[in-house]
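Taking it in order: structure first as structure tokens, then the write-up.
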Amino acid sequence: MTYKKSRFNVEIDKLQDGRILLYNTYSGIFGIMDVKTQGMFFNVENIDITCINDEELRKNIDIMLQSGYIIDIEKDELATLKIERDKFRHPQNSMNLTIAPTLQCNMCCPYCFEDKKDIVMSSDIQDKLFNFVETHFAAYPTIKKLSVQWYGGEPLMEKDVIYNLSEKFIKFCEEKGATYSASMITNGALLDGETAKRLSEDCKVNYVQITMDGMKENHNKRRILVSGEDSFEIIMKNIEESKDYLSISVRVNVDKTNNEDIMVLTKYFLEEKGWTDNPIIYLAPVEEFTENCLVGESSCLDGEQFAEIDIECVRAIHAVNRNSIAHKFFPRRKSVFCSGEGMNHYVVDPEGYTYTCYVNIGEEKNRLGHIDKPFVINTEYGKWLTTDIPKDCEPCEYLPMCMGGCGFHRINGDGSPKCFKTFYTYKDILKLAHEDYVAQKK
């Protein structure tokens, strides 16, 4: 039988003794290949493997086959990936909702892409949203999971909406024998301990994302409470009160105006606060999504700049608590970049209008329809449901990890892909994974 090298192999590093660190972005397998095996691996298309009698090489061939480093010469990996992507885009067993109880916000952050509107989800729209879920479960009897993400605006400005809908959704799923899960994106200013406890116990919210953008001075310039209060101290207090009830990720939005503050904040979390496991801190580059964002492209970091800060943060977390970061060593393969490119996923605004992407929320031109009207695939929805992997991305060995990148940029741009800046961190993270492996063996 004849084999070939996978198109998704990435050489991460070459060690001093000649061994190489090899990662396959499709299988997610990270391995160390010795010099002897490399001789066969790099020439595998010209070798009849069945004629190899060396027992060690035969064993390594089996490992490479299982790891996806070498594959049947007839296999079309790109076609396989595209077929899997198409299948994943149309799930029959789950429904995902991103719900904004309000588009109001108690903050006015300069890089926010949303157009704030004084709209709150009425009891009538809440009832219609519940009926919308019932209708979907009836149309797709195979649905066995309902996932909800609370979003905004600031969702906790309308806690009663969250409490009311959560109660209905949970009871409905219990009656249908379906599982229910919930998460939330919040600025954290209203997430006190009592609220966190109720969200966890009564609403089945098990994860929240909160944003901190540096130490007090920098954070308060960027995460600005309308009331004028010190948002840094309020959010820090709320995290302390909430972390026993919720799994918390602290997202730090990074650009050229706060990049020098990031490691100070990281060390503050790890050393002064002692938060080495929950909450966990992670970095995200500021991107210019819409014209509502007041941060221009000139203030955004490029990929290499972001990667340098990101790996320093990851290393700092790893140094104090290996277990909190080790599970994130290996980049995760994606069947599709985000669920917005598929069916049974809806972003719902307070008036009941639906969208594919949370960036579009509140924009009339990007609406898919309304929860109270018959379902149709309009032009906007068609754009998202028929997106394909860009031709420019097809030769890329990293394709399984991004699947062409964010659909928003392609659909609202010229169709060209925009590589995510976290792409530049992959190799450094995998090098750290190898260092960790060596240290664990000692």
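The values are calculated or read from the model by the stated rules, or taken from the named source; none is laboratory data. This is a predicted model, so every value here is computed, not measured. We place every Cβ from the backbone using ideal geometry, glycine too, and count neighbours over all the protein chains shown.
Can you list the strands (runs of 3 or more DSSP E) found entirely within the stretch 25-121 that contain at least 3 residues being of a type in the set (S, T, N, Q)? Write out each step before concluding.
Values: elements: 29-33, 70-72, 94-99.
Those strands (runs of 3 or more DSSP E) span 94-99.
Out of (1) buried (at least 16 other Cβ atoms within 10 Å of the Cβ); (2) among the β-branched types (Val, Ile, Thr); (3) closer than 29 Å to Tyr26 by Cβ, the odd one out for Thr386 is which?
(1)
Take the residues of the stretch 67-106 that are modelled with pLDDT of 95 or more and β-branched (Val, Ile, Thr): which is nearest to Lys159 (Cα to Cα)?
Here the answer is Thr102.
Within the stretch 314-358, which residues are of a type in the set (D, E, K, R), out of contact with any Asp or Glu (no Cβ under 7 Å at 6 or more places or on another chain) and outside any loop (DSSP other than H, G, I, E, B)?
Arg315, Lys328, Glu341 - these are the residues of the stretch 314-358 that are of a type in the set (D, E, K, R), out of contact with any Asp or Glu (no Cβ under 7 Å at 6 or more places or on another chain) and outside any loop (DSSP other than H, G, I, E, B).
Out of curiosity, is Val148 under 24 Å from the mean Cα position of the chain (by Cα) and within 21 Å of Ser183 (Cα to Cα)?
Values: under 24 Å from the mean Cα position of the chain (by Cα): yes; within 21 Å of Ser183 (Cα to Cα): yes.
Spelling it out, Val148 is indeed under 24 Å from the mean Cα position of the chain (by Cα) and within 21 Å of Ser183 (Cα to Cα).
All but one of (1) touching a residue at least 60 places away in the same chain (Cβ under 8 Å); (2) in the same structural domain as Thr211 (by TED's automatic domain parsing) hold for Leu146, so report the exception by its number.
(1)
For the stretch 43-71, which positions are surrounded by 11 or more Cβ atoms within 10 Å (Cβ to Cβ) and either hydrophobic (A, V, I, L, M, F, W, C) or in the same structural domain as Ile429 (by TED's automatic domain parsing) (or both)?
Val44, Ile47, Ile49, Ile52, Leu57, Ile61, Ile63, Met64, Leu65, Ile70, Ile71
Which residue is surrounded by the fewest Cβ atoms within 10 Å (Cβ to Cβ), if the candidates are limited to the stretch 352-366 and must be modelled with pLDDT of 95 or more and more than 23 Å from the chain's Cα centre (by Cα)?
Gly352
Please specify each residue of the stretch 28-46 satisfying the condition of being farther than 26 Å from Leu81 by Cα and in contact (Cβ under 8 Å) with a residue 12 or more places away in the chain. Can you show your working first?
Within the stretch 28-46, the first condition is being farther than 26 Å from Leu81 by Cα, and the residues that meet it are 34-40.
If the condition is that a residue be farther than 26 Å from Leu81 by Cα and in contact (Cβ under 8 Å) with a residue 12 or more places away in the chain, then Asp34, Val35, Lys36, Thr37, Gln38, Met40 are the ones that fit.
Could you please let me know if Ile83 is among the β-branched types (Val, Ile, Thr), under 23 Å from the mean Cα position of the chain (by Cα) and outside the structural domain of Asn253 (by TED's automatic domain parsing)?
yes
Of all residues being modelled with pLDDT of 85 or more and surrounded by fewer than 16 Cβ atoms within 10 Å (Cβ to Cβ) in the stretch 314-333, which is nearest to Asp86 (Cα to Cα)? Just the residue, please.
Asn323
For the subset of the stretch 413-442 comprising residues that are small (Gly, Ala, Ser) and surrounded by fewer than 17 Cβ atoms within 10 Å (Cβ to Cβ), which member is nearest to Asp392 (Cα to Cα)?
The selected residue is Ser416.
Looking at the structure I just gave you, is Asn366 free of Cβ contacts under 8 Å to residues at least 40 places away in the same chain and polar (S, T, N, Q)? Explain how you work it out, then say what you get.
Numbers: free of Cβ contacts under 8 Å to residues at least 40 places away in the same chain: yes; polar (S, T, N, Q): yes.
Here the answer is yes, as Asn366 does meet what is asked.
Given the criteria of a type outside the set (Asp, Glu), within 30 Å of Ser147 (Cα to Cα) and touching a Gly at 6+ places or on another chain (Cβ under 6 Å), does Cys105 qualify?
yes
For the stretch 151-262, list the helices (runs of 4 or more DSSP H) that sit wholly inside it and hold at least 3 residues that are out of contact with any strand residue (DSSP E or B) (no Cβ under 6 Å at 6 or more places or on another chain) and either at pLDDT 95 or above or crowded, with 22+ Cβ neighbours inside 10 Å (or both); which are they?
Helices (runs of 4 or more DSSP H) meeting the threshold: 159-176, 193-203, 231-242.
Checking Leu22 against (1) in a strand (DSSP E or B); (2) out of contact with any Ser or Thr (no Cβ under 9 Å at 6 or more places or on another chain): exactly one of these is not met. Which one?
The one condition Leu22 does not meet is (2).
Any residue that is in contact (Cβ under 8 Å) with a residue 24 or more places away in the chain, over 20 Å from Tyr151 (Cα atoms), of a type in the set (S, T, N, Q) and in contact with an Asp or Glu (Cβ under 9 Å, 6 or more places away or on another chain) - is there at least one of those in the stretch 212-227?
Within the stretch 212-227, one or more residues are in contact (Cβ under 8 Å) with a residue 24 or more places away in the chain, over 20 Å from Tyr151 (Cα atoms), of a type in the set (S, T, N, Q) and in contact with an Asp or Glu (Cβ under 9 Å, 6 or more places away or on another chain).
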